[in-house]
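A short write-up of the structure that comes next.
Nothing in this text is a laboratory measurement; each read-out follows from the coordinates by a stated rule. Predicted model only: the values in this text are computed from it and were never measured. Neighbour counts run over all protein chains shown; Cβ positions are idealised from the backbone, glycine included.
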Amino acid sequence: GKGEAATKKYGDKAGHGAIEIKLKQEAVQDPPKESSDNDVVFLTVEQMPTFNGGNISEFRKWMMTQLRYPKDADDKNIEGRVITQFVIDNDGTLSDISILQSADPLLSKEVTRVLENSPKWEPGIQKGQKVRVKFTLPVEFAKNN
């Protein structure tokens, strides 16, 4: 099959895909109008959510340790970008995971799996209240060839 050809061509390296996570900062938009509704989601707040005491790049490092190149994607030489979006809830849990764009469902599935296993964050704060904050995170899957 295709996988064997890849192994012949690249030798042992074929089994080790590299994953790179690139960050795109959300476009900043005006905060939503005053509302008592807990479902308001912010893109930017006075105090952004933190992960392990750091910002989103700390989360990115954690993701890098968790992501595995899916074997089927590796065998089929599938690479490319998955752009995911998620919300850090006001209790610090990660929710509303969605895939905005993806090179392949196999890659989407792996990114979603890791996000679903995220430890809790420290939630974002706006005007002294814990609020929901949305992030967009592109993940690049690239083979080491």
*Residue among 79, 122, 110 that is under 24 Å from residue 44 (Cα atoms) and among the acidic types (Asp, Glu)*: 122
*asked:* If I ask for residues that are of a type in the set (Gly, Ala, Ser) and on the phi < 0 side of the Ramachandran plot, which ones from segment 73-123 would you list?
replied: 73, 95, 98, 102, 103, 108, 118
_strands (runs of 3 or more DSSP E) (entirely within segment 38-145) containing at least 1 residues that are exposed (fewer than 15 other Cβ atoms within 10 Å of the Cβ) and of a type in the set (Ser, Thr, Tyr)_ = 94-102
